[in-house]
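**Q** Dumping the structure here so I can ask a few things about it.
The values are calculated or read from the model by the stated rules, or taken from the named source; none is laboratory data. What you are looking at is a predicted structure, and each value in this text was computed from that prediction instead of being measured. With ideal geometry, Cβ positions are generated from the backbone for all residues, glycine too; neighbour counts draw on all protein chains shown.
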Amino acid sequence: MKKISFLIFIFGFLLFRPYQMQDSGMLYVGDDYSYFAHATSIVFGQFPSYKKEYYSKDEGNMPMHSIGPGLISLPFVFPFSVLDRLTGNSIVQERRADNLSQSWTLYGFVLASMFYFWMGCYFCYKGLRYHFEEYETVLAIFLMVLCQGIPLFAFRRPLFSHSFEFSAVSVLVWWLLMPKEKWLSWSQNYQGAVMIGLVTGLLELVRLNDILILLIWPLVLYLGKTEAVKQQGAWKKILVSYLMAGVLVLGFYVLPMYFAQNYNYTNLGKQMLLTVYSLQFYLERIWHILTGIDWGLIYTAPFILIALVSTILLKFPQRKVILFSLLPLVVNIYVLICWKVQGGWYGYRYFIPMAVPLLIYPFTLCLSQAIQAWGKNRVLILTLIIAILPLLSMLAFEGNATTLTLTNAPQYFGDSDWGNNSYQLNVWKTLIKQPTAFAIAIFKGGPLYVMYCFDSLINSHAGLLARIKLQYPFFSPMIFFRTVFIYFFPLLLYLISRCFVI
């Protein structure tokens, strides 16, 4: 895990932009305020009321986005909210537009997202290491997780649901990949069933479209792992898992929605997902999801496609169990098709963060067999060539204010939303025609901030690039401290992990 933690550090250094924290605290307009409002309503003692929370009141009497990220972030949000209490921040009394961005409470949510992203990588690593060599495991996580957009949801837009979704699914995959003896030891009592229910229930609270995870994965783990488990009261444990998940969904989704009486998200979902389209529409939409020059999977997540093909073609033990475990992806693919647009930020975010951990085992198996057949060097060169597409796509995102970012405009299938209809083409146009501008786009995070801090240290401001001055109108010691901690957070987590054996 040391190599992966170092790679996460590098990606964080490139992707995290301190000027965004200095300006908005990493909050984007829209969904972010909903997710944060859930967390603040709990830590400041208002839940299930949202009268003192800051979010778009057009959403109803409660934020329309899921409560799961707010719940899972509490181990970080709560202790940092104590700092706001001690410093007398007005956020404690009421959340407003002017007291959110620099609060410690918000910083706690940011750290939580980064923590769960690291934990997702950790559980993928632990699961794969039961079956594969260190080299194969590290390469698989680099290609499947780090190169296909997921780090953006940890280091660029942490107040979103996808770091939490990725982490929760990775825990389930870790359990699935456990050796028989270890699984039997862990699952022999009802504590394991409660844990499975806790994870699947929280996952449903993170993303409502992950409903099949809640319904299918207790069956996958208890009935699909080994015949011996069937003889140890497997169905009783499955029911305990369902009960635990049901209690979470009832307590943190159904009841608050009932008390709110005005909740708009479910109505929107029915409108989008229950419409029946022509066969031609479905086929064209699927082809566009695969090949579109906006966010086509062949550009943004090619290793997911390789993993899907590997799952179908390769023969391996428990192949049927793996295929059954992938059924929840059907819902996500259906959502992608019917939503008509890509998701209003980077890539096909309704699909990729869940697909990556679910498919990481068959992808690593394909990688392992390819290494045995062709050798490490050939496979490494080939995969790195393929990785150039998603890697540059991710690193260049939001690199300028025009061609490499989003606009709210009509998209390919008639709907308008935030997107970029020719993003992949724009990435390569910028790289070839404006290599300097492309380099600036990629290095706007840590490298630019290091330049700024060095210039501030020697007080030479005359030589500082004008664009850096615009990003950092003044030096903030607090932003410097928070930024340094974020950059080294993955390495700190690795050092802490060495003290525990999971």
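**Q** Give the residue, chosen from VAL171, VAL194, VAL110, VAL199, that is among the hydrophobic types (A, V, I, L, M, F, W, C) and in contact (Cβ under 8 Å) with a residue 60 or more places away in the chain.
**A** When all the criteria are applied, what remains is VAL110.
**Q** Identify the single condition in (1) surrounded by fewer than 21 Cβ atoms within 10 Å (Cβ to Cβ); (2) in contact (Cβ under 8 Å) with a residue 12 or more places away in the chain that TRP295 does not satisfy, given that it satisfies every other one.
**A** Every condition holds for TRP295 apart from (1).
**Q** Sort through PHE443, PHE500, PHE488, PHE474 and tell me the only one that's modelled with pLDDT of 95 or more and not charged (D, E, K, R).
**A** The match here is PHE488.
**Q** For a quick check of your reading: which helices (runs of 4 or more DSSP H) sit entirely within region 294-400 and have at least 2 residues that are charged (D, E, K, R)?
**A** On the way: elements: 297-300, 302-313, 319-325, 328-339, 352-374, 376-396.
Result: 319-325, 376-396.
**Q** Being surrounded by fewer than 24 Cβ atoms within 10 Å (Cβ to Cβ), of a type in the set (D, E, K, R), modelled with pLDDT under 90 and outside any helix (DSSP H, G or I) is the requirement here; does LYS225 meet it?
**A** Against the criterion (surrounded by fewer than 24 Cβ atoms within 10 Å (Cβ to Cβ), of a type in the set (D, E, K, R), modelled with pLDDT under 90 and outside any helix (DSSP H, G or I)), LYS225 qualifies.
**Q** Which ones in region 382-416 are buried (at least 16 other Cβ atoms within 10 Å of the Cβ) and charged (D, E, K, R)?
**A** Once the filter is applied, which keeps residues that are buried (at least 16 other Cβ atoms within 10 Å of the Cβ) and charged (D, E, K, R), region 382-416 yields only GLU398.
**Q** On to the next question. Restricted to region 417-429, and to residues that are touching a residue at least 40 places away in the same chain (Cβ under 8 Å) and assigned to a helix (DSSP H, G or I), which residue is surrounded by the fewest Cβ atoms within 10 Å (Cβ to Cβ)?
**A** It comes out as LEU425.
**Q** Please specify each residue of region 161-187 satisfying the condition of being surrounded by fewer than 24 Cβ atoms within 10 Å (Cβ to Cβ) and among the aromatic types (Phe, Trp, Tyr).
**A** TRP174, TRP175, TRP183, TRP186
**Q** With TRP295, TRP339 as the choices, which residue is modelled with pLDDT of 90 or more, of a type outside the set (A, V, I, L, M) and either over 17 Å from PHE166 (Cα atoms) or in contact with a strand residue (DSSP E or B) (Cβ under 7 Å, 6 or more places away or on another chain) (or both)?
**A** Only one candidate passes the filter, namely TRP295.
**Q** Could you count how many residues in region 122-163 are within 25 Å of GLY344 (Cβ to Cβ) and either assigned to a helix (DSSP H, G or I) or in contact with a Ser or Thr (Cβ under 9 Å, 6 or more places away or on another chain) (or both)?
**A** Number satisfying all stated conditions: 18.
For (1) touching a residue at least 60 places away in the same chain (Cβ under 8 Å); (2) outside any loop (DSSP other than H, G, I, E, B), each residue gets a yes or a no:
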{"residue": "LEU27", "(1), (2)": "yes, no"}
{"residue": "PHE36", "(1), (2)": "yes, yes"}
{"residue": "ALA39", "(1), (2)": "yes, yes"}
{"residue": "GLN46", "(1), (2)": "no, no"}
{"residue": "LYS52", "(1), (2)": "no, no"}
{"residue": "VAL77", "(1), (2)": "no, yes"}
